[in-house]
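Here the structure is laid out as structure tokens; the discussion comes afterwards.
The values are calculated or read from the model by the stated rules, or taken from the named source; none is laboratory data. Quick caveat: nothing in here was measured; it's all calculated off a predicted structure. Cβ coordinates were reconstructed from backbone atoms using ideal geometry, including for glycine residues, and neighbour counts include every protein chain displayed. Surface areas here come from the heavy atoms of the whole protein model, side chains and all, with no ligands, DNA or RNA. Shrake-Rupley method; radii C 1.70, N 1.55, O 1.52, S 1.80 Å.
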Amino acid sequence: TVDSLGWQGLQNGTRNGQWVCDRVLNTATPGQIVLLHVGGHPQDGSTLDSDALDCIIDGLQAKGYGFVNLRDVVG
């Protein structure tokens, strides 16, 4: 239900891991699915989702959220 948009890369330096983390945490709702991407951006080499992952996990846990495997949710 939220796309991190990390796959879009640095966007001329206007985005970083903290931007991705804030995007996810600011939209946190019960049952939310967070779409993250593996790998680096093909042009700028950034790995924003990976850079943001610790912040996202810590931030969601601090808000009382937990994590499940998507396979367990959709059957």
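Points worth noting:
- Looking only at region 2-12, and only at residues there that are open to solvent by 40 Å² or more (accessible area, probe 1.4 Å) and not in a loop (DSSP other than H, G, I, E, B), the one that is nearest to Leu70 (Cα to Cα): Asp3
- Inclusion of Ala52 among residues that are open to solvent by 40 Å² or more (accessible area, probe 1.4 Å) and at pLDDT 95 or above is not warranted.
- Test: residue in region 38-49 that is open to solvent by 100 Å² or more (accessible area, probe 1.4 Å) and within 12 Å of Ser4 (Cα to Cα): yes
- The residue pairs whose first member lies in region 62-75 and is hydroxyl-bearing (Ser, Thr, Tyr), whose second member is in a loop (DSSP other than H, G, I, E, B), and whose beta carbons are closer than 7 Å, counting only pairs six or more residues apart or on different chains, are Tyr65/Ala28.
- Some residue of region 60-69 being charged (D, E, K, R), at pLDDT 95 or above and open to solvent by 100 Å² or more (accessible area, probe 1.4 Å): yes
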